[in-house]
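The values are calculated or read from the model by the stated rules, or taken from the named source; none is laboratory data. The shown structure was predicted, so the numbers you read here are calculated from the model rather than taken from an experiment. Glycine also receives a Cβ, built like all others from the backbone with ideal geometry; neighbour counts cover every protein chain displayed. Note: accessible area is taken over every heavy atom of the protein model, side chains too, but ligands, DNA and RNA are not part of it. Shrake-Rupley method; radii C 1.70, N 1.55, O 1.52, S 1.80 Å.
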Amino acid sequence: MSLHEAMLYEKIDEKRVNCFLCARKCRINDGGTGFCLVRKNEGGILYSLNYAKAVSAAIDPIEKKPLSHFNPGAMVMSVATMGCNFRCQFCDNWMISQEKKIAGKHFPPEEVVKAAKDNDCQGISYTYTEPTIFFEYAYDTSKLARQVGFFNTFVTNGYMTPEAVKTIAPYLDAATVDFKGGADPEFYKTFSAVPSVAPIFEALKEMRINNIHIEITNLVVPKTGDSLERIRELASWIRDGIGKETPFHLLRFHPDYQLTGTGSTPVETLEKAYVAAKESGLDYVYIGNVAGHPCESTYCPNCNEIVIKRYSFTITRWNLTKDMRCPVCGHNIPITGKLHPGGHSYPYAII
Ligand code: SF4
């Protein structure tokens, strides 16, 4: 199989290149790879080593991403390759994100789109590992997917350059941007080997300018990443920078990979975080990874009526008018796309 030339890099001189796909902006010598280990300089040309090499592909409900205000009930074809530009000590997909050897099944864009069609999906999600570092694969697949009427979504750590956001924007409909530890810079340095959180906020602003539907998650890590002050700060930034109607999901942490010395986030901690985010002025706050919790549902911010009731990834009651208003007070609930009444009951794997 021939090597696939990367996008978003420039030559420094005959042999060295500068990758500006993600905010690390690696300068890579001939024969070397970037921090993500999946982009290699060969003779002054940067190649994507994981192009069309899928390590995971599955059919998921869109609620699993999580996206709660975007085509509710839709099913998506999820796809991932090896690699990541973060080194999170708590990654729950570490077997595929942190593996150094490039592996994967040849699954080219046209086959991804065909599989999505064959499985009655409405869209494609680039997820499980960081889609930024399989950008070319996601870009080509997104273009094809759009041609046949599918939407595209990223589940991303947000650590991409504004140039990368602008490049994918014509084909990217929605993004779930995942924060950890309340966006605390020290948390990112210590637990994810990320030198600065500022580029994530820049990327979010660029997504907003490009009208990409945004939902934001924050992994609440007990003791080291559960500061209510940080959550208030993050929620306030979202309110002012992206808008108070941006859905904000507070996710429960589970011990995994190298961070097994701490337990799961207590539900009371998540509930305190929920109150802090609401008090900061966000209209739609959710608690995630706690199946059956009342804060999985959507409440009208005006009268508190339950407008979308959920259990885990399933919508159990749809209580909005046809024009997406609260049936009690008429308040407009921001939903991008439309309801896709479910025919599927459970995620299942293809690769
Ligand atoms: S995508 Fe990879 S090679 Fe490019 S800047 Fe980020 S970590 Fe470095």
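Filter segment 19-76 down to the residues that are away from the ligand (no atom under 16 Å from the Cβ) and touching a helix residue (DSSP H, G or I) at 6+ places or on another chain (Cβ under 8 Å) and list them by number. Working first, answer last.
From segment 19-76, those away from the ligand (no atom under 16 Å from the Cβ) are 43, 52, 54-76; that's our starting set.
The answer is Ala52, Ala54, Val55, Ser56, Ala57, Phe70, Asn71, Pro72, Gly73, Ala74, Met75, Val76.
May I ask you to list the residues in segment 245-263 that are more than 12 Å from Asp92 (Cβ to Cβ), part of a loop (DSSP other than H, G, I, E, B) and modelled with pLDDT of 95 or more? Across segment 245-263, the qualifying residues are Glu245, Thr246, Pro247.
Those residues that are in a loop (DSSP other than H, G, I, E, B), within 23 Å of Ile214 (Cβ to Cβ) and open to solvent by 50 Å² or more (accessible area, probe 1.4 Å), I need them from segment 302-335; list them, please. Listed by number, the residues that qualify are Asn302, Phe313, Asp323, His331.
Here is a yes/no grid of residues against (1) within 16 Å of the ligand (Cβ to nearest atom); (2) of a type outside the set (Val, Ile, Thr); (3) free of Cβ contacts under 8 Å to residues at least 12 places away in the same chain; (4) under 20 Å from Val177 (Cβ atoms):
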{"residue": "Asn93", "(1), (2), (3), (4)": "no, yes, no, yes"}
{"residue": "Glu99", "(1), (2), (3), (4)": "yes, yes, no, no"}
{"residue": "Gly104", "(1), (2), (3), (4)": "no, yes, no, no"}
{"residue": "Pro108", "(1), (2), (3), (4)": "no, yes, no, no"}
{"residue": "Ser125", "(1), (2), (3), (4)": "no, yes, no, yes"}
{"residue": "Glu130", "(1), (2), (3), (4)": "yes, yes, no, yes"}
{"residue": "Ile133", "(1), (2), (3), (4)": "yes, no, no, yes"}
{"residue": "Asn152", "(1), (2), (3), (4)": "no, yes, no, yes"}
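If I ask for residues that are among the charged types (D, E, K, R), assigned to a helix (DSSP H, G or I) and without any contact (Cβ under 8 Å) to a residue 40 or more places away in the chain, which ones from segment 206-228 would you list? Before the answer, list the steps.
As a first pass, look at segment 206-228 and keep what is among the charged types (D, E, K, R): 206, 208, 215, 223, 226.
From what is left, the residues that are assigned to a helix (DSSP H, G or I) are 206, 208.
Passing the criteria: only Arg208.
Restricting attention to segment 137-156, the residues that are open to solvent by 10 Å² or more (accessible area, probe 1.4 Å) and either of a type in the set (Ser, Thr, Tyr) or under 23 Å from Cys91 (Cβ atoms) (or both) add up to 2. Could you tell me which residue of segment 7-18 is nearest to the ligand (Cβ to nearest atom), considering only residues that are among the aliphatic types (A, V, I, L, M) and more than 30 Å from Gln122 (Cβ to Cβ)? Taking the candidates together, the pick is Val17. Being over 21 Å from the mean Cα position of the chain (by Cα), polar (S, T, N, Q) and farther than 14 Å from Glu130 by Cα holds for only one residue in Asn71, Asn18, and it is Asn18. Counting only strands (runs of 3 or more DSSP E) wholly contained in segment 1-101, the ones carrying 1 or more residues that are among the basic types (Lys, Arg) occupy 9-11, 39-42. Inclusion of Glu111 among residues that are modelled with pLDDT of 95 or more and more than 26 Å from Gly342 (Cα to Cα) is not warranted.
Counting just the residues of segment 231-250 that are surrounded by 22 or more Cβ atoms within 10 Å (Cβ to Cβ) and among the aliphatic types (A, V, I, L, M), which one comes out nearest to the chain's Cα centre (by Cα)? Lay out the reasoning, then the answer.
The initial filter retains those residues of segment 231-250 that are surrounded by 22 or more Cβ atoms within 10 Å (Cβ to Cβ), namely 231, 234-235, 238, 246-250.
Now narrow it down to the ones that are among the aliphatic types (A, V, I, L, M): 231, 234-235, 238, 250.
Values: Ile231: 19, Leu234: 17, Ala235: 17, Ile238: 16, Leu250: 14 Å.
In this case the residue turns out to be Leu250.
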